Amino acid sequence: MPQPSKRAANARPAAMVDVAKLSGVSQKTVSRVVNGEPHVSSEVQAKVLAAIAILNFRPNSAARALASARTRTIGFVYTGSALFGPSAMAVGVERAARNAGYTIAVVHTRDGTPGSVRVAFDDLIGRGVDGIVVSEPADDLRPDDLPTNGIPVLSLDMNAAVDTDWIMVGADDRSGARQATEHLIELGHRSISHIAGPQGWATSQNRILGWRDALTEAGLQIPEPLRGDWSAASGFAAGERLASTGVTAILSANDDMAIGAIHAIEVSGRTVPQDVSVIGIDDIPLAAYLHAPLTTIRQDFDKIAHEGMSRLLDVIEGRPLETRRFAVPTQLVVRTTTGAPIR
């Protein structure tokens, strides 16, 4: 591709016609590439993108919105949690949107309740967003009670019990919790407690179900789970209660609570994993570098965001969608906080 002469400082900004001329294609083809439309060969796309880079072409977003009847903006309803999982998915959503030529309009809810989510939806609908992503406690959300005005919605928390046309993509939490519990059973544990997440989250409920599934199949007693709030402090409080019991293993609904529980067990004078095995869920970056590296269930947060956003963008842009629900598989990562119980 020939190199254009250096543009004068006062030259007009590059237009689509300039990109078409330099790349040797029609303006319609340039428009297709800019708008991420299908049916453009990789060779032609490469030529157009190269011309865009050379000319420093910047599409007129207002014109594009008028032409397509879209704002190319996706709303993101988010609690603003500092926890690793929600934060990692938020980064993935923003990256996927940007790569597809969309911007993100974030609305932080006050408390994650259905009422605050409704306010967030009203706000985003008023801005004319093309789609909405929800990262909230899905158990408390009832899609039929939330206004969408026909705008497609993606939930990043799986709730199989809800009958909705929302797209739902998340980790296969039930399978992951079951896998974690089966690992403890295979090591020989027969007294396995669970530190659950807060009520109202589909994530919490699915992990409780997976833990119960494994215990039921093994014919083991199912104790009442202790509730935490995802924080290490709540895991410590639950660990204090469990340290004085005869429990030999604990499944924590996330890594932060597992870390808190381990500290409480050690403060009580017991050791991990000699006296009590502990396993978490998430595989946060810190998990592998603790004084006792944490056995955990790894979630692929990038894949969750990618799979969810791919489906949302398919709906927005009129492409066929095979399924609106997708559970991303998890992976057991065995480290040093789990072991066989002392006989």
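The values are calculated or read from the model by the stated rules, or taken from the named source; none is laboratory data. Predicted model, so just to flag it, every value in this text is computed and none were measured. Glycine also receives a Cβ, built like all others from the backbone with ideal geometry; neighbour counts cover every protein chain displayed. All accessible areas refer to the heavy atoms of the entire protein, side chains included, with ligands and DNA or RNA removed. Shrake-Rupley method; radii C 1.70, N 1.55, O 1.52, S 1.80 Å.
Go through ARG241, ARG311, ARG270, ARG335 for me and flag whichever is closer than 23 Å to VAL93 by Cα and touching a residue at least 12 places away in the same chain (Cβ under 8 Å).
Details: ARG241 fails: closer than 23 Å to VAL93 by Cα; ARG270 fails: closer than 23 Å to VAL93 by Cα; ARG335 fails: closer than 23 Å to VAL93 by Cα.
Checking each option against the conditions leaves just ARG311.
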Please state which one of PRO329, PRO273 is under 25 Å from the mean Cα position of the chain (by Cα) and of a type outside the set (Val, Ile, Thr). PRO329
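With THR296, THR245 as the choices, which residue is open to solvent by 10 Å² or more (accessible area, probe 1.4 Å), of a type in the set (S, T, N, Q) and outside any helix (DSSP H, G or I)?
Exactly one residue qualifies, and that residue is THR245.
Please indicate, with yes or no, whether at least one residue in region 121-133 is among the β-branched types (Val, Ile, Thr) and without any contact (Cβ under 8 Å) to a residue 24 or more places away in the chain. Spell out how you get there, then give the answer.
Taking region 121-133 as the starting set, the residues that turn out to be among the β-branched types (Val, Ile, Thr) are 125, 129, 132-133.
Now narrow it down to the ones that are without any contact (Cβ under 8 Å) to a residue 24 or more places away in the chain: none.
No, that holds for no residue.
If you take the residues in region 244-267 that are free of Cβ contacts under 8 Å to residues at least 60 places away in the same chain and of a type in the set (A, V, I, L, M), which one is farthest from TRP211 (Cα to Cα)? So that I can check it myself, show each step before the final result.
The first filter runs over region 244-267 and keeps only residues free of Cβ contacts under 8 Å to residues at least 60 places away in the same chain, leaving 244-247, 250, 252, 259-260, 263-267.
Pick out the ones that are also of a type in the set (A, V, I, L, M) and you get 247, 250, 259, 264-265, 267.
Working: VAL247: 15, ILE250: 10, ILE259: 19, ALA264: 22, ILE265: 21, VAL267: 26 Å.
Within region 244-267, the match that is farthest from TRP211 (Cα to Cα) is VAL267.
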Options ILE279, ILE284, ILE316: the member that is of a type in the set (Val, Ile, Thr) and modelled with pLDDT under 95: ILE316
Give region 288-306 a look and list any residue that's within 13 Å of VAL278 (Cβ to Cβ), touching a residue at least 60 places away in the same chain (Cβ under 8 Å) and among the hydrophobic types (A, V, I, L, M, F, W, C), or say none. ILE297
Would you check if there is a residue in region 204-217 being under 27 Å from VAL328 (Cβ atoms), charged (D, E, K, R) and open to solvent by less than 60 Å² (accessible area, probe 1.4 Å)? yes
Would region 121-143 turn up any residue that is buried (at least 23 other Cβ atoms within 10 Å of the Cβ), among the small types (Gly, Ala, Ser) and closer than 30 Å to LEU49 by Cα? yes
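Criterion first (among the acidic types (Asp, Glu), in contact with a Ser or Thr (Cβ under 9 Å, 6 or more places away or on another chain), in contact (Cβ under 8 Å) with a residue 60 or more places away in the chain and buried (at least 24 other Cβ atoms within 10 Å of the Cβ)) does ASP275 satisfy it? Steps first, please.
Values: among the acidic types (Asp, Glu): yes; in contact with a Ser or Thr (Cβ under 9 Å, 6 or more places away or on another chain): yes; in contact (Cβ under 8 Å) with a residue 60 or more places away in the chain: yes; buried (at least 24 other Cβ atoms within 10 Å of the Cβ): no.
When the stated conditions are applied, ASP275 does not pass them.
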Here is a list: ALA264, ALA258, ALA327. Which entry is outside any loop (DSSP other than H, G, I, E, B), open to solvent by less than 50 Å² (accessible area, probe 1.4 Å) and modelled with pLDDT under 95? ALA327
Mind counting the residues in region 218-235 that are crowded, with 20+ Cβ neighbours inside 10 Å and of a type outside the set (A, V, I, L, M)? 4
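Could you pull out the residue among ALA9, ALA53, ALA15 that is surrounded by fewer than 11 Cβ atoms within 10 Å (Cβ to Cβ) and modelled with pLDDT of 75 or more?
Numbers: ALA9 fails: modelled with pLDDT of 75 or more; ALA15 fails: surrounded by fewer than 11 Cβ atoms within 10 Å (Cβ to Cβ).
Just one listed residue meets the conditions, ALA53.
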